[in-house]
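The block underneath contains the structure these notes are about, expressed in structure tokens.
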Amino acid sequence: QVQLVESGGGLVQAGGSLRLSCAASGGTFSYYAMGWLRQAPGKERDFVATISWSGASTYYADSVKGRFTISRDNAKNTVYLEMNSLKPEDTAVYYCAVHYDWGGHSAAAFGSWGQGTQVTVSS
């Protein structure tokens, strides 16, 4: 199965930006819909964004719509999450995953999780 490794997290000030990357190996990356989810301490793992295998379709959680952009480069086996206008409530571990069930957007629709990358937004 595909293996995923996230990178690009860090500490930023409120209003700042970060770009997360998810590098994939194994499997057939271009055939997979991909997504980003996040989990704050003591909270459930929440959906953030997803992108179809071709990149033609995207979907975002209301909490990040207009601020975050998901994209992919199948030639580089990489999916990205550009995060702008960051808020303290965006602080979480961000995970990349394969979107196995396109009909759903809960965590149960995803699998082959990466290990996550920490994003901390200071006020």
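The values are calculated or read from the model by the stated rules, or taken from the named source; none is laboratory data. Everything numeric here is computed off the predicted structure, so don't read it as measured data. Neighbour counts run over all protein chains shown; Cβ positions are idealised from the backbone, glycine included. Accessible surface is based on the protein model in full, side chains and every heavy atom, while ligands, DNA and RNA are left aside. Shrake-Rupley method; radii C 1.70, N 1.55, O 1.52, S 1.80 Å.
Computed values, structure above
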{"read-out": "Options V79, V5, V12; residue that is part of a strand (DSSP E or B), in contact with a Cys (Cβ under 6 Å, 6 or more places away or on another chain) and not small (G, A, S)", "value": "V79"}
{"read-out": "Residue within region 79-96 that is among the charged types (D, E, K, R) and open to solvent by less than 30 Å² (accessible area, probe 1.4 Å) present", "value": "yes"}
{"read-out": "Filter pass, F68 being crowded, with 18+ Cβ neighbours inside 10 Å, in contact with a His (Cβ under 6 Å, 6 or more places away or on another chain) and either free of Cβ contacts under 8 Å to residues at least 12 places away in the same chain or of a type in the set (F, W, Y) (or both)", "value": "no"}
{"read-out": "Residues of region 59-77 satisfying the condition of being modelled with pLDDT under 95 and not charged (D, E, K, R)", "value": "N74, A75, N77"}
{"read-out": "Any hit, region 116-123, residues being within 13 Å of the chain's Cα centre (by Cα) and outside any strand (DSSP E or B)", "value": "yes"}
{"read-out": "Members of region 55-80 found to be small (G, A, S) and farther than 22 Å from G103 by Cβ, listed by number", "value": "G66, S71, A75"}
{"read-out": "Residue among G104, G116, G111 that alone is more than 20 Å from G8 (Cβ to Cβ), open to solvent by less than 30 Å² (accessible area, probe 1.4 Å) and in contact with a Phe, Trp or Tyr (Cβ under 6 Å, 6 or more places away or on another chain)", "value": "G111"}
{"read-out": "Among residues of region 25-58, those that are part of a strand (DSSP E or B) and either modelled with pLDDT under 95 or in contact with a His (Cβ under 9 Å, 6 or more places away or on another chain) (or both), counted", "value": "6"}
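For every residue, the table says whether it meets (1) surrounded by fewer than 19 Cβ atoms within 10 Å (Cβ to Cβ); (2) under 12 Å from the mean Cα position of the chain (by Cα); (3) of a type in the set (V, I, T).
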position	(1), (2), (3)
C22	no, yes, no
T28	yes, no, yes
Y32	no, no, no
L37	no, yes, no
G42	yes, no, no
V48	no, yes, yes
S52	yes, no, no
A61	yes, yes, no
V64	no, yes, yes
